[in-house]
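Below is one structure, written out as structure tokens; the observations come after it.
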Amino acid sequence: MTNLTYIEDLSAKAGQEVTLQGWLYNKRSSGKVRFLILRDGTGLVQSVMVKGKIPEADFAAFDRLTQESSLWVTGLVRAEPRAPGGYELDLTSVHPWHLAQDYPIAPKEHGVDFLLNHRHLWLRSPRQQAILRVRDEIIRACRDFFGERRFILVDTPIFTPTACEGTTTLFETDYFGDRKAYLTQSGQLYLEAAAMALGKVYCFGPTFRAEKSKTRRHLTEFWMLETEIAFAELEDIMALAEALICAIIQRVLATRVKELTALERPLGPLEAIQPPFPRLSYTAALERLAAGGHQVPWGEDLGAPEESFLSESFDRPVLIHRYPKNCKAFYMKPDPGDPRTVLCVDVLAPEGVGEIVGGSQREDDLEALLERLEEHHLPREPLEWYLDLRRYGSVPHSGFGLGLERLVAWICGLHHVREAIPFPRLMDRLAP
Ligand code: 4AD
Ligand code: MG
């Protein structure tokens, strides 16, 4: 491991001898010159062996090295403007670690089912590596955004005794034979408790929905970034969601253009993401939809086609606020200006991506919240702790949740969220 160099750092090592470790991506030969294309997780580099300039046994190893064999090599770094990374390696030694068996993923087109069945290997492809790097950057951008604004990270539980987002998408598990536990649909209720302790908080973790829908936007396990703020109203969290999305896009554009380019993701639409984002009430959105030929009766939720229509009619995310009460969760506070609606917001990403953020101002009055529980046929007893938050120093408070995979899919220009998470869980997929 001493003196080990990574491919992404080769530019600082021109003229020097370095040791690289990695895997064989591809190879080719023309007479006395042989080329090994190596990958090490940070990039690809073409390395060259010339007969007579490398021990004979190392030269012969070329024939045995199969795609994805692991190896370590030493060589001299040479600037080569025509090479993909700008550098090549003149090899002085080649040492195989392990010779790979016939690798199932050839550099040809495979069907998506085949690739998903081989997800553990598919991750090695340049495209999947690029997506995972963008995802990593987005996660760090989120943590930095909240950290810089002095929000406190509070981890919420995954086993929960109740639903947060409706009972139809709950995953149930047996809890020691005497109780049922549910996999969390959202950390929100716990985050509300944390906001009453710490003021400004966020959580970021796995979330589960037994979604019986096979769409390109739905996973059964996904990651959600959620925030909750004491004394914040709907307008405050709308502004915060806008600032968060802009900060993430700026960060990715500053650090991950190489990956976006590898993904053939046009940068123009991302560069256009600047505040202010358009804001439309649900009622105004219906008028816009009707003008575009989509008739939605007032009171009905917006479906995927309506969301796509709205999101495609703007060049930046659009904030749709104040939906009818019956479309939304029990905890949302009715709008005093029109109590048929609630103080909520959905952020729809452009380019047909649809909803990436859902948030609201919470009902902070005990009596009103009890009524909402009844309307939603939710049992009161397991939520008594949550009701306590309205008994002991209740304050206006608001928050939102952002779906990480939908954001990654949008930023990377992916058609389906299944590529936006390392090991996707879908209605019909639990492996590998
Ligand atoms: O709109 P949702 O259901 O909101 C909540 O769960 C709130 N409790 C959040 C809060 O206010 N703290 O989910 C939030 C976001 C959605 O906008 C979407 O991006 C993502 O989570 N999401 C999913 N992503 C992938 N697959 C699914 N099945 C998803 N369901 C929601
Ligand atoms: Mg939602």
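Examine the range 147-165 for a residue that is at negative phi and assigned to a helix (DSSP H, G or I), and state whether such a residue exists.
yes
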### Query
Looking at 287, 306, which is the one that is crowded, with 20+ Cβ neighbours inside 10 Å and without any contact (Cβ under 8 Å) to a residue 24 or more places away in the chain?
306
## Note on the structure
In the range 283-319, anything in contact with a Phe, Trp or Tyr (Cβ under 8 Å, 6 or more places away or on another chain) and over 24 Å from residue 416 (Cα atoms) is listed as 283, 286, 289, 292, 294
### Query
Quick one: residue 426 ticks every box in (1) in the same structural domain as residue 274 (by TED's automatic domain parsing); (2) among the hydrophobic types (A, V, I, L, M, F, W, C); (3) more than 16 Å from ligand 2 (Cβ to nearest atom) bar one, so which box is it?
(1)
#### Entry: Where a residue in the range 171-189 is more than 16 Å from ligand 1 (Cβ to nearest atom) and its partner, wherever it lies, is acidic (Asp, Glu), with Cβ under 6 Å and at least six apart
180/172
### Message
Checking residue 207 against (1) more than 10 Å from ligand 1 (Cβ to nearest atom); (2) under 14 Å from the mean Cα position of the chain (by Cα); (3) surrounded by 14 or more Cβ atoms within 10 Å (Cβ to Cβ), only one condition comes out false. Which one?
### Response
(1)
### Message
Can you say whether residue 152 is surrounded by fewer than 19 Cβ atoms within 10 Å (Cβ to Cβ) and touching a strand residue (DSSP E or B) at 6+ places or on another chain (Cβ under 9 Å), as far as the supplied structure shows?
### Response
yes
### Message
I need a count of the residues in the range 297-330 that are in a loop (DSSP other than H, G, I, E, B) and either away from ligand 1 (no atom under 14 Å from the Cβ) or more than 22 Å from the chain's Cα centre (by Cα) (or both).
### Response
16
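Only one residue in 262, 197, 181 is loosely packed, with under 15 Cβ neighbours inside 10 Å and hydrophobic (A, V, I, L, M, F, W, C). Which one? Talk me through it step by step, then tell me what you get.
Numbers: 262 fails: loosely packed, with under 15 Cβ neighbours inside 10 Å; 181 fails: loosely packed, with under 15 Cβ neighbours inside 10 Å.
Only one candidate qualifies: 197.
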#### Entry: Unique residue being buried (at least 18 other Cβ atoms within 10 Å of the Cβ) and more than 24 Å from residue 277 (Cα to Cα) when the list is 190, 175, 202
190
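For residues that are in contact (Cβ under 8 Å) with a residue 40 or more places away in the chain and under 19 Å from residue 126 (Cα atoms), tally how many sit in the range 39-51. Reasoning before the result, please.
Here is the first cut: in the range 39-51, the ones in contact (Cβ under 8 Å) with a residue 40 or more places away in the chain are 39, 41, 43-50.
Cutting the leftovers down to under 19 Å from residue 126 (Cα atoms) gives us 39, 41, 43-47.
Count: 7.
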### Query
Which members of the range 140-166 meet the condition of being more than 16 Å from ligand 2 (Cβ to nearest atom) and farther than 30 Å from residue 252 by Cβ?
157, 159, 160, 161, 162
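Does residue 378 satisfy being modelled with pLDDT of 95 or more and assigned by TED's automatic domain parsing to the domain that holds residue 205? Explain how you work it out, then say what you get.
Details: modelled with pLDDT of 95 or more: no; assigned by TED's automatic domain parsing to the domain that holds residue 205: yes.
So residue 378 fails the test.
Say whether the condition of being of a type in the set (Val, Ile, Thr), touching a Leu at 6+ places or on another chain (Cβ under 8 Å) and closer than 24 Å to residue 5 by Cα is met by at least one residue in the range 97-119. Reasoning before the result, please.
Start the filter on the range 97-119 by keeping residues that are of a type in the set (Val, Ile, Thr), which leaves 105, 112.
Adding the requirement that they be touching a Leu at 6+ places or on another chain (Cβ under 8 Å) leaves 105.
From what's left, closer than 24 Å to residue 5 by Cα: none.
There is no residue in the range 97-119 that is of a type in the set (Val, Ile, Thr), touching a Leu at 6+ places or on another chain (Cβ under 8 Å) and closer than 24 Å to residue 5 by Cα.
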### Task
Residue by residue through the range 331-359, note down the ones that are under 15 Å from the mean Cα position of the chain (by Cα) and more than 15 Å from ligand 1 (Cβ to nearest atom).
none
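The values are calculated or read from the model by the stated rules, or taken from the named source; none is laboratory data. Just so it is clear, the model here is predicted, and its values are computed rather than measured. Here Cβ is always computed from backbone atoms with ideal geometry, including for glycine, and neighbour counts include all displayed protein chains.
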